[in-house]
Amino acid sequence: MTRRSAVIKIGTSSVTDAQGGVDYAVMVKVAADVVALRDDGWTVVVVTSGAITAGWADVGRGRRRPTDATTLQAVSAVGQPLLMHAWRNAFGEAGATVGQVLLAPLDFSHRGQYLHARGTLEALAELNVIAIVNENDAVADEEIRFGDNDRLAALVANLIGATHLVLLTDTDGLLTADPRLDPTATLIEEVNAIDATIEGIAGRSRSGVGSGGMSSKLAAARMATWSGVTTVIAPARVDTPVQRALGLGPSAGTTFHPRTERLSARKAWIAFAVASRGTIEINQGAMQALEHHGRSLLRVGVVSYEGGFAEGDAVEIVGPGREVLAKGLVRVSAESFADGDDVVVHRDDLVLLRHS
Ligand code: GLU
């Protein structure tokens with residue numbers, strides 16, 4: 001049997017209270033559940049948000065929250081140890097030790113760094129320590145920060161090869177409409193495919209103080225389900241929130257089932273973790289060859305390209321209507337495009353992104 005493993009992400013609105021301070025009661029419930037899972041043989045990694053909000057509650061003393069990125073990043077440096085102090089105590093009550101792992105986008109886009117981060121998380125699990133992950137907000141480059149922990153959590157799920165991703169938030173899950181506007185809104189319990197209807201529903205709902213909102217949760221669910229990870233968006237402020245999300249108690253939340261055709265870990269890394277360094281537009285023939293015949297992208301199929309990509313960089317491949325068809329690693333640089341290899345993106349380095 002494959003070992004079950006879960007990434008549990010808790011949003012800012014759930015981990016902090018109305019004043020922005022750390023909500024210890026929620027942490028205690030999450031910690032108890034996580035430790036119960038661990039004792040049952042699961043590997044569990046927690047992704048926490050709330051550093052900026054908790055930091056400002058401490059340092060801002062009731063003043064209005066600043067909006068400039070540099071101050072917010074500095075404020076996260078105040079909040080992060082407050083979060084970790086509370087997590088350490090909450091997990092201590094449940095009988096477990098925690099370790100802090102702060103990750104930045106570059107840790108995911110450099111393959112060596114990516115494997116290194118995976119090694120660290122695996123070693124912590126071996127030591128029976130619960131890893132508590134957040135983005136390295138204090139120093140992450142504003143331009144390329146994730147900015148929302150939903151995406152970070154999906155990447156961590158992919159990184160550790162998790163079977164489950166749980167996004168704990170301040171709603172019951174994905175609802176058919178915004179309950180504040182429509183009292184007939186009901187919970188969608190299961191989603192088999194994230195299609196335009198589901199995306200439309202998510203686009204109309206929002207959540208409180210976090211930076212994610214429902215559409216960022218859906219983007220994370222898409223990323224995770226494509227990597228074979230069952231994803232659940234579920235309420236944080238209930239008893240046994242994690243067990244319920246995983247259907248181990250009275251079930252709660254919206255469960256997104258993984259695609260049957262799962263991407264390999266490497267292809268998921270190409271599709272979702274690596275930042276794109278350019279765009280290649282291809283013609284109809286190449287589009288057919290890629291999408292229907294599983295071929296590599298050859299130079300003859302390229303109409304135009306943009307960006308200063310180097311050999312090995314990731315690029316987006318778009319069709320005649322500029323729709324994104326695929327992502328892949330190029331075998332030629334933009335500079336040597338005309339006289340480089342005939343194979344621009346080899347099929348082994350190519351991920352098709354459209355529902356077929
Ligand atoms: N990393 C941010 C923080 O801890 C949270 C981002 C989010 O709201 O998802 O403050």
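The values are calculated or read from the model by the stated rules, or taken from the named source; none is laboratory data. Since the structure is predicted, the reported quantities are computational estimates derived from the model, not experimental observations. Quick reminder, even Gly has a Cβ in these numbers, built from the backbone with ideal geometry, and neighbours come from all protein chains shown.
In region 56-78, which residue that is surrounded by fewer than 19 Cβ atoms within 10 Å (Cβ to Cβ) and under 18 Å from Tyr24 (Cβ atoms) is nearest to the ligand (Cβ to nearest atom)? Among residues in region 56-78 that are surrounded by fewer than 19 Cβ atoms within 10 Å (Cβ to Cβ) and under 18 Å from Tyr24 (Cβ atoms), the one nearest to the ligand (Cβ to nearest atom) is Val78. Exactly one residue out of Gly99, Gly119 is outside any helix (DSSP H, G or I) and surrounded by fewer than 20 Cβ atoms within 10 Å (Cβ to Cβ): that is Gly99.
Scan the strands (runs of 3 or more DSSP E) fully inside region 291-356 and keep the ones with 3 or more residues being of a type in the set (D, E, K, R), surrounded by fewer than 18 Cβ atoms within 10 Å (Cβ to Cβ) and without any contact (Cβ under 8 Å) to a residue 60 or more places away in the chain.
Values: elements: 302-306, 314-318, 324-329, 343-345, 350-352.
It comes to none.
Ser251 - would you say it is at pLDDT below 95 and either within 23 Å of the chain's Cα centre (by Cα) or under 30 Å from Gly11 (Cβ atoms) (or both)? For Ser251, the condition - at pLDDT below 95 and either within 23 Å of the chain's Cα centre (by Cα) or under 30 Å from Gly11 (Cβ atoms) (or both) - is met.
Out of the residues in region 90-127 that are acidic (Asp, Glu) and more than 16 Å from the ligand (Cβ to nearest atom), state the one that is nearest to the chain's Cα centre (by Cα). Ranking the qualifying residues of region 90-127, first place goes to Glu122.
Within region 46-66, residues that are at negative phi reach partners that are buried (at least 24 other Cβ atoms within 10 Å of the Cβ) and part of a loop (DSSP other than H, G, I, E, B) with beta carbons closer than 9 Å, at six or more positions or on different chains, in the pairs Ser49/Gly11; Ser49/Gly210; Ser49/Gly212; Ala51/Asp137; Ile52/Asp137; Thr53/Gly210.
Condition check ((1) over 12 Å from Val7 (Cβ atoms); (2) of a type in the set (Gly, Ala, Ser); (3) not in a loop (DSSP other than H, G, I, E, B)) across all residues:
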{"position": "Ala123", "(1), (2), (3)": "yes, yes, yes"}
{"position": "Asn128", "(1), (2), (3)": "yes, no, no"}
{"position": "Ala131", "(1), (2), (3)": "no, yes, yes"}
{"position": "Ala138", "(1), (2), (3)": "yes, yes, no"}
{"position": "Phe146", "(1), (2), (3)": "yes, no, no"}
{"position": "Asp182", "(1), (2), (3)": "yes, no, no"}
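For (1) closer than 17 Å to Trp269 by Cα; (2) within 16 Å of the ligand (Cβ to nearest atom), each residue gets a yes or a no:
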{"residue": "Gln80", "(1), (2)": "no, yes"}
{"residue": "Trp87", "(1), (2)": "no, yes"}
{"residue": "Val129", "(1), (2)": "no, no"}
{"residue": "Leu155", "(1), (2)": "yes, yes"}
{"residue": "Thr163", "(1), (2)": "yes, no"}
{"residue": "Asp170", "(1), (2)": "no, yes"}
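Can you tell which of Ala219, Ala224 is among the hydrophobic types (A, V, I, L, M, F, W, C), buried (at least 24 other Cβ atoms within 10 Å of the Cβ), within 16 Å of the ligand (Cβ to nearest atom) and assigned to a helix (DSSP H, G or I)? Outline the logic, then answer.
On the way: Ala219 fails: buried (at least 24 other Cβ atoms within 10 Å of the Cβ).
The match here is Ala224.
Scanning region 12-55 for residues that are in a strand (DSSP E or B) and either away from the ligand (no atom under 13 Å from the Cβ) or under 19 Å from the mean Cα position of the chain (by Cα) (or both) yields Thr43, Val44, Val45, Val46, Val47, Thr48.
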